[in-house]
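Written out below as structure tokens is the structure these notes cover.
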Amino acid sequence: MKHIIAIVFMFLSINTSFAQQSKKTQKAVIKTTITCDHCKECETCGQLFNQKLLREKGVQMVTLDTEKMTIEVIYNAKKTTLENIKTAISNLGYDADNLKANPQAYEKLDGCCKV
């Protein structure tokens, strides 16, 4: 009987720890404006998103969807906020939902990447 109780307690503990881990990991889909059809490979677009956004504290994964004009970001909510991520995207020269692109960063983009 003690073994059964110990096993049940162990499963409950594991389940609780997984539930806590999933709460700190968030997924956000951010609307942006992408004008070129090669943004995933472009040095100023795709590589910029992957290299720069992945360096942001708490960002775990970035997926750029050029057809839907969205950026899907998986991040640790205990280390960063969605607003910080949007600001980082804006600082790369792109709109992030309602936050407009940083004008200085926008000017540095290739011509094909500008609206």
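Computed from the coordinates by the stated procedures, all read-outs in this text should not be read as laboratory data. In this text, all values refer to a predicted model and were calculated from it rather than measured experimentally.
Using a cut-off of 24 Å between Cα atoms, the listed pairs LYS78/LYS108; LYS24/LYS68; LYS86/LYS108 include LYS78/LYS108; LYS24/LYS68 as exceeding that distance.
Under a 5 Å amide H cut-off, with hydrogens placed 1.01 Å from N, GLN60 pairs with ILE74, TYR75, ASN76 among residues at least 5 apart or on other chains.
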